[in-house]
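Only one structure is covered here, and it is reproduced in the block below.
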Amino acid sequence: MIDLAKTIGKFATATALAGLCASAAFGQQEAGQIMASDALNIPEDISLLQPGDPNSRSATATVNGQIITRTDVEQRVALILAANETESVPEDELNRLRMQVFRNLIDETIQIQEAAAQEMPVSRDEVDQTYNRLATQRFGRTPEEMATYLQSIGSAPQSLKRQIEGELAWNRLLSRNVAPFVNVSTEEVNELMERLKASKGTAEYRIGEIYLSATPTTRAQVSANAQQIVDQLKQGGSFVAYARQYSESSTASAGGDLGWIRLEQLQNPQLESVVRGLQPGQLAGPIEIPGGFDILYLIDKRQIGMADPRDAIVSLKQISIEFPKGTTQQAASERANEFAAAMEQITSCGQAESAAQPFNADVVSNEGLAIRALPEALQTMLLDLDVGRTTPPFGSLDEGVRVLLLCGREAAQADAGPNFDELMAQLEDDRVNKRAQRYLRDLRRDAVIEYK
């Protein structure tokens, strides 16, 4: 079975791009790991921001006596750029990425040290096992091949292993010192379930957020940084990747995803108004709010407890023609018009092959495909299409021209919503995340950090 989605790349949306980039990332900032903030009070003139030899081992900071070098930073930056398939980055953008990586490495070092101090360090064997599993299961490489690949992109196995050690250490600390002390009562969950039932039919939004804090002193610079992030996102950058690296919200570890919420949960009339005017896949910002700036991305929207037509399952046939090399624009246009006219005459799925034959057109099928999985432009076409009819033609001189024939549609079912256990888990995760923020803030405050 051929995946039709691969043949309609010109309709790809920012949502698809973000998902691809997120899946490529090296597990950066897993759930529970909190991004650093200006609480670190990092000086602006550290040597990290100056050009230099990336192989230099000179220290940029010591954290409780442990050195973080420029090489540590550059190797981690190389990991991130490779994960997001980024070939070139403007120097100012690269410097901001280096600074955020530097903050992350400080947090990582503190977390590893704290786990060791509490006599539950992550062993070398645990790190190696996770590294080997990552190499074979996610990247299809042996550990040796993975090492060669990392070196080829300017990174190193020890950089990825250090990140793995930090994540394992932090999860271990949260499991012992935070999670056991989080309690959610049955009454709280039942009350939330009742509120959800009462809100059936109202609009719900899934929003991505990048939050940058600002003070009166830093407002202008933070605003400029936020605008540059927006410009990069509009050029195809991954929202998930940028949120993980730059957002100072607790949602950074989830790529900025706030999950499904009602607009009043934003607790800001200005943000509510902005989101209400967005369509899925659209970006807004930077928006100045108390304490900083927000960049918002509408991932999706739906009505609570109601069936969404985009969840319908469809069976499709794609009928496509290609133009021989050297075909003029006029000749291609004439042939495309003839093709379009013939496709309009189709009234049933069984006519696909016979209608395609005069044009030497290819016919491929795909069944059990959710409309939601297609690019937004095609979703709109299919929602209004009768079974047995084709979409308007789309394509180009280079790619050829094609139509989609709707052979069947299975109506979407209403979402029953989260059950008791799922709501309990959501509330617990939220409280663990908030306590984790405070825990890391306390560890930063107690650490002795010296900048070089």
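Out of Q129, Q163, Q151, which single residue is within 21 Å of L81 (Cα to Cα) and surrounded by fewer than 14 Cβ atoms within 10 Å (Cβ to Cβ)?
Values: Q129 fails: within 21 Å of L81 (Cα to Cα); Q163 fails: surrounded by fewer than 14 Cβ atoms within 10 Å (Cβ to Cβ).
Among Q129, Q163, Q151, only Q151 is within 21 Å of L81 (Cα to Cα) and surrounded by fewer than 14 Cβ atoms within 10 Å (Cβ to Cβ).
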#### Entry: Search result, residues across the stretch 313-341 that are of a type outside the set (S, T, N, Q), at negative phi and open to solvent by 70 Å² or more (accessible area, probe 1.4 Å)
E322, P324, K325, E334, R335, E338
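Tell me whether the stretch 337-349 contains one or more residues that are more than 19 Å from T390 (Cβ to Cβ) and touching a Leu at 6+ places or on another chain (Cβ under 8 Å). Working first, answer last.
As a first pass, look at the stretch 337-349 and keep what is more than 19 Å from T390 (Cβ to Cβ): none.
No.
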### Task
Considering (1) buried (at least 18 other Cβ atoms within 10 Å of the Cβ); (2) part of a strand (DSSP E or B), say which one R310 fails and leave the rest.
(2)
### Matching residues, the stretch 247-305, being open to solvent by 30 Å² or more (accessible area, probe 1.4 Å), polar (S, T, N, Q) and touching a residue at least 12 places away in the same chain (Cβ under 8 Å)
S250, Q270, Q279, Q282, Q303
### Task
Filter the helices (runs of 4 or more DSSP H) completely within the stretch 104-197 down to those with at least 1 residues that are more than 27 Å from Q75 (Cα to Cα) and out of contact with any Asp or Glu (no Cβ under 9 Å at 6 or more places or on another chain).
157-177
### Complete set of residues in the stretch 378-395 that are open to solvent by less than 40 Å² (accessible area, probe 1.4 Å) and not aromatic (F, W, Y)
L378, Q379, L382, L385, G388, T390, T391, G395
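I'd like the full set of residues that are closer than 20 Å to N64 by Cα and free of Cβ contacts under 8 Å to residues at least 12 places away in the same chain, limited to the stretch 117-146. It would help to see each step written out before you state the result.
Kept after step one, since they are closer than 20 Å to N64 by Cα, are these residues of the stretch 117-146: 117-122.
Of everything in the stretch 117-146, those that are closer than 20 Å to N64 by Cα and free of Cβ contacts under 8 Å to residues at least 12 places away in the same chain turn out to be A117, E119.
Give the residues of the stretch 349-394 that are touching a residue at least 40 places away in the same chain (Cβ under 8 Å), under 29 Å from L278 (Cβ atoms) and not in a loop (DSSP other than H, G, I, E, B), sorted by residue number.
L369, A370, I371, R372, A373, E376, A377, L378, Q379, L382, L383, F394 - these are the residues of the stretch 349-394 that are touching a residue at least 40 places away in the same chain (Cβ under 8 Å), under 29 Å from L278 (Cβ atoms) and not in a loop (DSSP other than H, G, I, E, B).
The values are calculated or read from the model by the stated rules, or taken from the named source; none is laboratory data. In this text, all values refer to a predicted model and were calculated from it rather than measured experimentally. With ideal geometry, Cβ positions are generated from the backbone for all residues, glycine too; neighbour counts draw on all protein chains shown. For accessibility, only protein heavy atoms count, side chains too; no ligands or nucleic acids. Shrake-Rupley method; radii C 1.70, N 1.55, O 1.52, S 1.80 Å.
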